[in-house]
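Everything on this sheet refers to the single structure shown next.
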Amino acid sequence: MCGQWLTEWKSVFTKVAKERLNKQVRTEMQDWISAKTDAEKRTLIREKLKGVFQQPVEGMETRLENIKKEAEALTLTRTLKVGSEESGISKSMLRF
């Protein structure tokens, strides 16, 4: 029962995704064909590239924040470890 539902959902999802992609490609092709001069075509290319390169940058900011948090956690762990060795606290006492 679940497998059949999943198969149907997947086929509907695939169909919708293909329709959206085809619509986007048709729109971009119409824009390209309607651009008469090289300057208009260069503008279209710039707009497309700007959209492509902005997406990874937004993702990179999130990754950078995650890396900073991990670094802070490692620093805290290292500080606790060094501090505990100096004060004689056992590792089992540091586990929360």
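What net charge do the residues around Arg26 carry, taking every other residue with its C-beta under 12 Å from that of Arg26, with Lys and Arg at +1 and Asp and Glu at -1? Overall, the nearby charge balance is -1.
Among the listed pairs Lys23/Lys50; Lys10/Lys41; Lys18/Lys69; Lys41/Lys69; Lys18/Lys68, a Cα-Cα separation exceeding 32 Å is found for Lys10/Lys41; Lys18/Lys69; Lys41/Lys69; Lys18/Lys68. Each residue of region 13-28 was assigned a 3J(HN,Hα) from its phi angle through the Karplus expression (A = 6.51, B = -1.76, C = 1.60, θ = phi - 60°), giving 4, 4, 4, 5, 4, 5, 4, 5, 5, 4, 5, 5, 5, 4, 4, 5 Hz with x at Gly and Pro. The HN-Hα couplings worked out from phi for region 34-45 by the Karplus form 6.51 cos²θ - 1.76 cosθ + 1.60 (θ = phi - 60°) are 6, 6, 7, 9, 5, 5, 5, 5, 5, 4, 4, 5 Hz, whole numbers, x standing for Gly and Pro.
No lab work stands behind these numbers, since they all come straight from the coordinates. Keep in mind that what you see is a predicted model, and the values were worked out from it rather than measured. Note that each Cβ is placed from the backbone with ideal geometry, even for glycine, and that neighbours are counted across all protein chains shown.
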